[in-house]
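A short write-up of the structure that comes next.
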Amino acid sequence: MSMRGASQWWIPAAVVALACSLLLGVMIGPAGPTWWRVPLELLNRLPLLSIDSGLTETQWAIVWQIRAPRVVLAALVGSTLSIAGASYQGVFRNPLVDPYLLGVAAGAGLGATIVITVNRSGTSSWIIDPLPLIAFSGGLIAVLVTYLVGTTGKGERSSISLVLAGVAVTSLATAAQTFLLQRNSDVIRQVYSWILGRLSSATWSDVRLVLPYVVLSTVVLLLHRRLLDVLRVGDEEATALGVNVSRVRLVVVIAATLGTASVVAVSGLIGFVGIIVPHAVRLVVGTSYRLVLPISLLFGAAFLILADIPGRVLDNPAETPIGVVTAFLGAPFFLLILRTRKNER
Amino acid sequence: MTSLAFDQVRVDYAKRTAVASFTDTVKPGEWLCIIGPNGAGKSSLLRAIAGVVPHSGRILVDGSPLTARSSRRRAQLVAYVPQSPVLPSGMMGAEYVLLGRNPFVTHFGRESELDHSMVDDVIERLDLAGLATRDVDTLSGGERQRLVIARAIAQEAPILLLDEPTAALDIGHQQQALELVDTLRLEHGLTVVSSMHDLTLAGIYSDRLVLIHEGHTVASGIAREVLNASVLAEFYGANVRVHHEDDGTIVVVPSKREALK
């Protein structure tokens, strides 16, 4: 059967790719030790092994306290956006959907803008930084509003009205954000640097903050990968095959939203990952969600780690925002997919 | 074998009533064919049995109401072949047939070896080995129809619903599809309910016909009783001649208006 054979090698291959990206991510950076000393030191830190890597304590601190959390956060953000994007595309049966479809991004953006506007001096030095929490809540509230107003239709129409409600909620939140920025033009720079996405200030506490949500969301989505394949025949036939379509859609949307809102809250809006990674994966491994979800998860993590590398070395000491790098790579790729799709018809 | 009974079944959409009141009993192993003009309510009735649209009244499978069952359990009893099935592009033929096993797989579970061998078996028996590893997007109309029937058979449901199973097929493929359903019905003791536009084929393959018009049953019985020119003229607005062949086949032939003079 089609699930057997060569396809069983994809997951190990993706795990290896992710491991290589993780290693590369901690090896490269503008300051710190010579790159090849890092893997030696990592081996040295393993139990029972003792290798002299020649790393000083400061250099190790750069690797472990600055690079490592950034790389791990990039992996969590990339994997979450990719698996959430693939899942959204599955439940809405629309290849052009991204995890921001139902207003998560706009809601989080509005939340962040409010926090920055109210506290111009910045909040990162507070004991508990309210920015991620309020961005997270803003994202969840936006999706909740979308769901409440968008689920009035029945059957096939329900997913269309949900998407339309998402568009409306997104415009509303964006309009409110623009209005706030017009009134407070002195914080535009701060808000934009948040919106464009940043991993540069990542710490282990950011990683701890998002980890529970990311794990929960990922586990729930992976558990639904077979059902996402059944949904591909449409709401009616899936119902006739015994699937409770609206319940599956609700659970998948909740899980994907939870993951997305939590990563957006710490990393800002990193565009296109949720679209390009699942599509690239489909081009390679086929369209079954049983493979698309786990492989998107792994490649999404690897992709964002790698996309984060040019940003920190190219334009040193200034940083190119990660959102700009992914959009630079993503937009042309997206156009390419659209073109090849057109040619297939 | 499983019986299917309808007790004042009614299907309402937002702005209109598709089925007003349908009462009937389909015997175990019987093939009931629902005929009627476009918009009469044939598809709505089948969709109600499949659980795709809500209904009032009662649809009873072996005496107990369908609505009392979970959607999974219902799908174990009723397999549905829609008029225009969605075959997701990029899906392989065998993966598509495997979807029919969904009612037997737990929510978060995976198909067992048994499910896979069941699918392999259906593919072999329906002679679809050539389609198993092909993208369903590349299949012809006849191949698609056979694959959808294979999915329904893999569902192992004792009741098979077919909505216009021959609508997109040429005369040869129409015959093949209906022969296949008939063979499977006899092999598995399936109870079949289908809607059909071709009245001659409906008469040949079904045990009994029900003619519905604007949501109401207007005639019911064997082909000889239901298929008569005046009834068809009244409800279809059609000019037809009905021939009775020596072997009992009823042939419905449209006739041009001039020919009546």
Inset, instruction - Can you pull the one-decimal nm distance between simple spin-label points at B:S112 and A:L23, each 7 Å off the Cα toward Cβ? - result: 4.3 nm
Legend entry - Contact order normalised by residue count of chain B, Cα under 8 Å, 6+ apart, percent: 25 percent
Legend entry - Within region B:1-25, backbone nitrogen closer than 14 Å to the virtual label 7 Å beyond the Cα of B:L60 toward Cβ: B:3-9, B:23-25
Legend entry - region A:129-205-region B:102-165 distance, computed between alpha-carbon centres (Å): 43 Å
Legend entry - Among A:R93, A:R45, A:R37, residue whose mean-square fluctuation peaks in a GNM of chain A (springs only between Cα atoms under 10 Å): A:R45
Inset, instruction - Along Cα→Cβ, 7 Å out, is where each label goes; now give me the distance between the ones at A:S193 and B:N228 in nm to one decimal. - result: 9.0 nm
Inset, instruction - Check cross-link reach from B:K42 to the aspartates and glutamates: straight Cα distance under 19 Å, and skip same-chain residues fewer than eight apart. - result: A:E236, A:E237, B:D7, B:D12, B:D24, B:E30, B:D163, B:E164, B:D198, B:D207, B:E214, B:E234
Inset, instruction - Return the average number of partner chain Cβ atoms within 10 angstrom of each residue Cβ along peptide A:242-250. - result: 4
Legend entry - Label-reachable residues, region A:269-295, where backbone N falls under 20 Å from a point 7 Å from A:V167's Cα toward its Cβ: A:272, A:275
Inset, instruction - Using only atoms on other chains, find how many Cβ atoms lie within 10 Å of each Cβ of peptide B:95-108 and report the average. - result: 5
Legend entry - Of the DSSP H helices in chain B, those whose Cα atoms cover at least 30 Å axially and whose Kyte score averages 1.0 or more: none
Inset, instruction - List the relative contact order of region B:185-248 as a percent without decimals, with contacts defined as Cα pairs under 8 Å and 6+ residues apart. - result: 18 percent
Inset, instruction - Would you mind checking region B:90-117 for residues with the amide N under 20 Å from a putative spin-label position 7 Å along Cα→C-beta of A:R247? - result: B:100-111
Legend entry - Over chain A: helical MRE at 222 nm, DSSP H runs n ≥ 4 each giving -39500 (n - 2.57), nearest 500: -23500 deg cm²/dmol
Legend entry - Extension reserve of the B:T17-B:S70 stretch, reckoned as 0.36 nm per residue once the Cα distance is removed: 16.5 nm
Inset, instruction - Quick one, could you list the DSSP H helices from chain A stretching 20 Å or more along their long axis (Cα atoms) with average Kyte-Doolittle hydropathy of -1.0 or above? - result: A:10-27, A:68-91, A:104-118, A:130-150, A:156-183, A:204-223, A:245-267, A:289-313, A:322-344
Legend entry - Inter-label distance for B:D127 and B:D170, nm, one decimal - labels placed 7 Å from Cα along Cα-to-Cβ: 1.7 nm
Legend entry - Antiparallel bridge percentage (DSSP; both residues within chain B; nearest 5): 55 percent
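Each reported figure results from applying straightforward, stated rules to the coordinates on display, with no laboratory input. Source: prediction; values computed, not measured. Every residue, glycine as well, gets a Cβ built from its backbone with ideal geometry; the counts of neighbours run over all protein chains shown.
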